[in-house]
Amino acid sequence: MRSAIRQDGAKALEDAHIRRSVLVAAKAEDMAMARGADWLDATLCRRMAALPRMQTRLFEWIAQAVGDPASCSDSLRRFLLLPSDARKEAALRAGLTYHLNAFGTAFAREIVAALSGVFGSEAVRFAFAHAVLSPASAAPLDPSQDESRRLVLADGGRILALWFKSEGLAGAWQPDWGDLDAGSVTLIRPAACAIGAAAAAATIAERDGADDRA
């Protein structure tokens, strides 16, 4: 019985952590839209999410409309518990993997070096390891151009958003990935979801390994 109580208590703490994490990270405009109340605008949502004493009430209002994020799959629960820098790294890896073929099918040493200089060696290593998931691209990209980096970053957030949706996370609880206007007009959904799941799994495994070594 005591073991069951400890397990239930740990689950409750993890659920609370997930709920607070999504509440703080979510885009205020989407939270206000999900609530559908005229008086609850994005500015008020943002202020309430920043106040611990108001977080529970704000969460309950939105959860009644779109559901509880703590009820999502185990993989998504674990990803939502990651810090924001880990989620951003996963988005970078996802975007680079998706657009990998746009940088060239026969990767010369100088292209790999350029990609590593722009996106980091870890992201490039992940992208090459998952190159089979990268869809064919008709428009080539140049790693030296700022537009290429903006495209990769914007689409990385959109890819994870598609994966979140496929896992059942309501849009109101999704992290604010910033300005996504630089992203592609369309994404191939099956490829994006597969890449998003792989990027999330790799990031979770790395963080778990780091915690074990700490």
* Examine segment 76-94 for a residue that is of a type in the set (A, V, I, L, M, F, W, C) and more than 19 Å from residue 173 (Cα to Cα), and state whether such a residue exists. => yes
* Asked: Taking helices (runs of 4 or more DSSP H) that fall entirely within segment 73-177, which contain at least 2 residues that are among the acidic types (Asp, Glu)?
  -> 84-98, 146-166
* Structure fact -> When restricted to 104, 178, 157, the only residue within 21 Å of the chain's Cα centre (by Cα) and surrounded by fewer than 19 Cβ atoms within 10 Å (Cβ to Cβ) is 178
* Determine which single condition residue 92 fails, assuming it passes every other condition in (1) under 11 Å from the mean Cα position of the chain (by Cα); (2) modelled with pLDDT under 90. => (2)
* Only listed residue being of a type in the set (A, V, I, L, M), closer than 23 Å to residue 83 by Cβ and surrounded by 20 or more Cβ atoms within 10 Å (Cβ to Cβ), chosen from 198, 192, 127 -> 127
* Asked: How do the pairs read when you match residues in segment 109-129 that are within 17 Å of residue 147 (Cβ to Cβ) with residues anywhere that are basic (Lys, Arg) and part of a helix (DSSP H, G or I), using Cβ under 8 Å and keeping only pairs 6 or more apart or on different chains?
  -> 118/149; 119/149
* **Subset of segment 156-207 [charged (D, E, K, R) and over 18 Å from residue 129 (Cα atoms)]** => 158, 165, 167, 176, 179, 181, 189, 207
* Can you tell me which residues in segment 64-108 are farther than 19 Å from residue 204 by Cα and touching a residue at least 24 places away in the same chain (Cβ under 8 Å)? -> 65, 66, 67, 68, 98, 99, 100, 101, 102, 103, 104
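The values are calculated or read from the model by the stated rules, or taken from the named source; none is laboratory data. Just so you know, these numbers come straight off a predicted model, no measurement behind them. Cβ sites come from the backbone with ideal geometry, for glycine too, and all protein chains shown count toward neighbours.
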